[in-house]
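Written out below as structure tokens is the structure these notes cover.
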Amino acid sequence: MSISLAFINGNSVPEKRSGHVAVFHKGLLIVFGGYGDNRDDASDEFLYFKSIWCYSVEASQWTRHNSKGTLPEKNTGACAAVIGKELFLFGGYLQSRGHSNQLSSLDLTTFTWKDLNDRTTGVTPSSRDKFGCWIDGQNIIYFGGFGHPPENWSKVKGDFCFEEFPLAWSHGTGWNNHLHILDTSLLIWSQPKGSGSVPSPRAAFSTTQIGRKCFLFGGRFKEHRRNDLYVLDSKSFHWTQLEPIGDSPSGRSWHVMENVSHNHLFIYGGFDNEGNALKDTWIYNISQNTWSELKTASKNLDIFAPRMWHTACKTDSPGEVLIFGGCINSIVDVVDRAKHTNTVSVFRFSPLSLRRQCLDFIMSNIVKYSGSVMELPQSLRRDIRHRSLALGLRSPNGHGKLISNCQMM
């Protein structure tokens, strides 16, 4: 089990960034927004939401799409969830006016944005960023974050804690542990009352889920970055704090977590209490209630091994996770400029299927084996044709025809 840099076909790549949005949908890693490098000068900036970048796992290639409709404002630390063909984007820190509770949707077939703020009913969550969410049927469950207090305290269940020593620009902000639900079919906001061992207010934690078990790890509350682990039952909204046996990851924020099997969670990187960008990788075994560190998992990443404020998305292949972007040093360092990245890294908990390995081998030697492709089963020919079209591969006969058209039909 290790993390390796993906080879990218072509020269088209997204801007380097952190605090962006990333989801996986129908074979594509979809990325937009965040804070990163301005290609025109040496400054960092909020990145425009019009550009939607799609990374094809099969083709190992990026494609840029221009979105349309009512675009959200530039922001970082927003939360996205995909239900069907629609991505729902909520909250974040806006370049223009700070913390937000804006709600938008993106049609992933047409890349068209819609502003949903005036279409919802119920009590909208307060403005926030660096929070988390889970999906339960047509509902999105949101938890925590950092931002402004609720406008009507009596209508909100949970805690809000103001910063003790706020900066001038962030006066009146703090952490919360509120649960909110968005019914995406009816666009109704509601708030359940959590029971059990409810986590403290926090932000910049990580989340993942297995069925109706919603996991949460770490995050920052006040000046402390935590390493506690919780699971929420999305049916009863009952919280349980898990007490792992033996060693655990150090306290951190701005890290990632994904489930890599029905019994294992994967954690990578983050920002620790000493102000360091982390490069460690851990696996949590649910049934055994233990953490195991994969001590050399990120060695292949070299200078890109430390990572914070990055994203991680599961693919369709069991145990495979795509890691994109983030900062390889401290993003809050007042001396060194933040070093964002636009690399795609791959973590595999399970070996690739024999079919996937064969397809990868054929595609890496497509010119050599193009004449034999017609002997393969039709389903394999179709997959090879799809990859070839994505890559724009041409036949070696010099006639300028796509290999997928002249050899594989």
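Elements of the type strands (runs of 3 or more DSSP E) sitting completely within the range 282-338 and holding at least 3 residues that are within 24 Å of His20 (Cβ to Cβ) and at pLDDT below 95: there are none. Of all residues in the range 139-162, those being modelled with pLDDT under 90 and not hydrophobic (A, V, I, L, M, F, W, C) number 4.
Taking each residue of the range 133-150 that is closer than 16 Å to Pro192 by Cα and looking for partners that are of a type in the set (Asp, Glu) with beta-carbon atoms closer than 6 Å, six or more apart or interchain, yields Asn139/Asp183. Residues of the range 179-237 that are at positive phi, open to solvent by 10 Å² or more (accessible area, probe 1.4 Å) and assigned to a strand (DSSP E or B): Gly196 alone. In the range 105-161, what residues are within 27 Å of Ser51 (Cβ to Cβ), open to solvent by 30 Å² or more (accessible area, probe 1.4 Å) and basic (Lys, Arg)? Within the range 105-161, Lys114, Arg119, Lys130 meet the criteria.
A single member of Asn176, Asn259 is under 20 Å from the mean Cα position of the chain (by Cα) and closer than 27 Å to Gly326 by Cβ, and it is Asn259. In the range 308-350, which residues are within 19 Å of Cys54 (Cα to Cα) and of a type in the set (Ser, Thr, Tyr)? Result: Thr311, Thr315, Ser317, Thr341, Thr343, Ser345. Quickly run through the range 373-397 and pick out the residues that are open to solvent by 60 Å² or more (accessible area, probe 1.4 Å) and at pLDDT 75 or above. Those that are open to solvent by 60 Å² or more (accessible area, probe 1.4 Å) and at pLDDT 75 or above: Met374, Glu375, Pro377, Gln378, Arg382, Arg385. Within the option set Tyr48, Tyr55, Tyr35, being over 23 Å from Gly98 (Cα atoms) and in the same structural domain as Ala297 (by the TED database) holds for one residue only, Tyr55. Consider only pairs whose beta carbons are under 7 Å apart and that are at least six residues apart or on different chains; among these, list those whose first residue lies in the range 362-377 and is under 18 Å from Ala59 (Cβ atoms) and whose second residue is in a helix (DSSP H, G or I) and of a type in the set (Lys, Arg). Qualifying pairs under 7 Å: Met363/Arg387; Val373/Arg381.
The values are calculated or read from the model by the stated rules, or taken from the named source; none is laboratory data. Worth saying up front: this structure is predicted, and the values here are computed from it rather than measured. FYI the Cβ positions are ideal-geometry reconstructions off the backbone, even for glycines, and counts take in every protein chain you see. For accessibility, only protein heavy atoms count, side chains too; no ligands or nucleic acids. Shrake-Rupley method; radii C 1.70, N 1.55, O 1.52, S 1.80 Å.
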